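Structure first, commentary second.
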């Protein structure tokens, strides 16, 4: 069976979730928050409230958790190595409900880092192996099939499967960061209205679906290559 035919359901799911995320962000990025706060201002307030700004004091750079602006749209992320919260222009400068949700979510990752949250540490530990597996795994699979060395194909399949393991490990990290974001925004009084709560939930829940779709895609890829190896073995 063709790879793209086999993967079609996963591809459609990924396209649908990405469209949903963009739609949710577009809708709530046009709704101003009642505090008239930018995403960067909200992040600064949440950092002070959570005491995360003391993470890097005394050692390292000595500057604490920093906020930087990064180019692009929806490129927001937290860098645990540099202790930097990087926000896209639309989030850093925007005064929308979506800006608050995204900034708080990324700060949730910083809070996880401060607490040495185990799923975050596990995901970080998997990164080197996943980088190798994503490029080497399928090569070993195809080489084993071509050379008719079944064990080599199975080795490649195991290595390639690390991508699915990484996608699975990502789910609790992202879900927890979103849960933290909702609590922080409510506890600090940054959001107060039901409309704002609904908007934050909509944006963060939509984003969470992309990680579920990524897991489905990774599992389907493993199943496809597994079917090739088992088919050749028979």
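Laboratory data are not the source of any read-out in this text; all were calculated from the coordinates shown. Bear in mind that the values here come from a model prediction, so they are computed numbers and not experimental data. Every residue, glycine as well, gets a Cβ built from its backbone with ideal geometry; the counts of neighbours run over all protein chains shown.
Key figures for this structure:
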quantity: Looking only at the stretch 26-49, and only at residues there that are in contact with a strand residue (DSSP E or B) (Cβ under 9 Å, 6 or more places away or on another chain) and part of a helix (DSSP H, G or I), the one that is surrounded by the most Cβ atoms within 10 Å (Cβ to Cβ); calculated: 39
quantity: Residue within the stretch 177-195 that is surrounded by 14 or more Cβ atoms within 10 Å (Cβ to Cβ) and more than 25 Å from residue 47 (Cβ to Cβ) present; calculated: yes
quantity: Enumeration of residues in the stretch 79-97 that are crowded, with 22+ Cβ neighbours inside 10 Å and in a helix (DSSP H, G or I); calculated: 91, 92, 97
quantity: Any chance residue 124 is touching a residue at least 24 places away in the same chain (Cβ under 8 Å), at negative phi and surrounded by fewer than 16 Cβ atoms within 10 Å (Cβ to Cβ); calculated: yes
quantity: Which numbered condition residue 100 fails, given (1) over 23 Å from residue 183 (Cα atoms); (2) surrounded by 22 or more Cβ atoms within 10 Å (Cβ to Cβ); calculated: (1)
